[in-house]
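Take a look at the structure set out below.
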Amino acid sequence: EGRGGVGVGVVVVGDWPAAFLIIRADLTLHAPPTSQRMAMIYFFGDLGQTQNFRQALSLLARAAREANAECPHPSYVLGLILASDYPKIDIPRYEDFVVWEEASAKCSLGVVGIRNSIPNPQLNSEHVIPDDSEALRNIGRAAELGYTPALNKLGQYYEYGMAGLEPDPWKSLQYYEQAAERGDPEAMLSLSGWYMSGAEGCFEKNEPLAFKWCDKAAKKGMAKAEFALGYYYEVGIGVQSDVHRAIEHYNRAASKGYRNAIERLNRGSSVTRMQHDETIRRVKGARDPFREDKDNKDCVVS
């Protein structure tokens, strides 16, 4: 199983050249999994191949064009890359290319020691410029094909106003709901956060639904959801306050290494409903108080 999530065919273990030749031969079948498999080989430089981002993106774009309900993943991955939202692959961006070009120019003018200190991106500007519209088109296509992570991702983009989108609570809620109905625990918890706080001018808060979706996410084994459920029990959100049940869920989250749960248990003092309501009022846009801050990765409520 490769790092891109696609296998490399049945070959003798360690015979990477043979594996590569088999996969390359399969490209004539125009099957999305094969094109994506080859793309990932070039992205990571696997099977003895030289890393080649241009070739990788070309193959991934081909796989995305061929994506279907049985294999929607290539369209999703291409969308994430175009949105600069795919941490598994560190692709040179357009800004990096410009820096290298400037360094090259200085080098040609006699400013020595600069060019060698800056790696040359393999791609030209045509390939590396982030493109939000194309990113959304590809992620949207994967969502239309029923790919759950794509539905959840669009929920995130509309919640936080990412990939060039304006924040839209209603669209965010709808995408999260579709992903949650398909069993995605992250979407379940995000949906719970929306229902806990509501969105002014869009929909009212609904604490019973907030509790329901948080409980479903916790039952999927999600540590963050266990922590959130403990908080719901502690404060009394969508359920009668029960400190013993709260501690039980905090302990479950802590046993999975969730730092905020460990800190919450060590602190000891309880959070009151009044404190909770004040926190929601004080933190602008705190639709989900358990969300991790984009900068410091800390929960708004802990």
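The values are calculated or read from the model by the stated rules, or taken from the named source; none is laboratory data. For clarity, every value in this text was computed on a predicted model and none was experimentally measured. Reconstructed Cβ throughout: ideal geometry from the backbone, glycine too, with neighbour counts over all protein chains shown.
Screening the stretch 150-174 for residues that are among the small types (Gly, Ala, Ser) and surrounded by fewer than 24 Cβ atoms within 10 Å (Cβ to Cβ) and picking the one that is farthest from the chain's Cα centre (by Cα) gives GLY164. The residue that is modelled with the highest pLDDT, among those in the stretch 29-48 that are assigned to a loop (DSSP other than H, G, I, E, B) and surrounded by fewer than 17 Cβ atoms within 10 Å (Cβ to Cβ), is GLY45.
With respect to LYS224, determine if the residue is among the charged types (D, E, K, R) and under 21 Å from the mean Cα position of the chain (by Cα). First the steps, then the outcome.
Details: among the charged types (D, E, K, R): yes; under 21 Å from the mean Cα position of the chain (by Cα): yes.
Yes.
Exactly one residue out of GLU177, GLU200 is of a type outside the set (A, V, I, L, M), at pLDDT below 95 and surrounded by fewer than 22 Cβ atoms within 10 Å (Cβ to Cβ), and it is GLU200. It is to be established whether one or more residues within the stretch 273-282 are among the hydrophobic types (A, V, I, L, M, F, W, C) and at pLDDT 80 or above. So far as the stretch 273-282 goes, yes, one or more of its residues are among the hydrophobic types (A, V, I, L, M, F, W, C) and at pLDDT 80 or above. Within the stretch 212-240, the residues that satisfy the criterion of being without any contact (Cβ under 8 Å) to a residue 40 or more places away in the chain, closer than 17 Å to GLU263 by Cβ and of a type in the set (Gly, Ala, Ser) are ALA223, GLY230.
State whether one or more residues within the stretch 184-197 are over 29 Å from SER84 (Cβ atoms), in contact with a Ser or Thr (Cβ under 8 Å, 6 or more places away or on another chain) and crowded, with 24+ Cβ neighbours inside 10 Å.
Taking every residue of the stretch 184-197 in turn, none turns out to be over 29 Å from SER84 (Cβ atoms), in contact with a Ser or Thr (Cβ under 8 Å, 6 or more places away or on another chain) and crowded, with 24+ Cβ neighbours inside 10 Å.
Rundown of residues vs (1) of a type outside the set (Gly, Ala, Ser); (2) assigned to a loop (DSSP other than H, G, I, E, B), yes/no style:
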site: ALA217; (1), (2): no, no
site: ILE237; (1), (2): yes, yes
site: GLN275; (1), (2): yes, no
site: THR279; (1), (2): yes, no
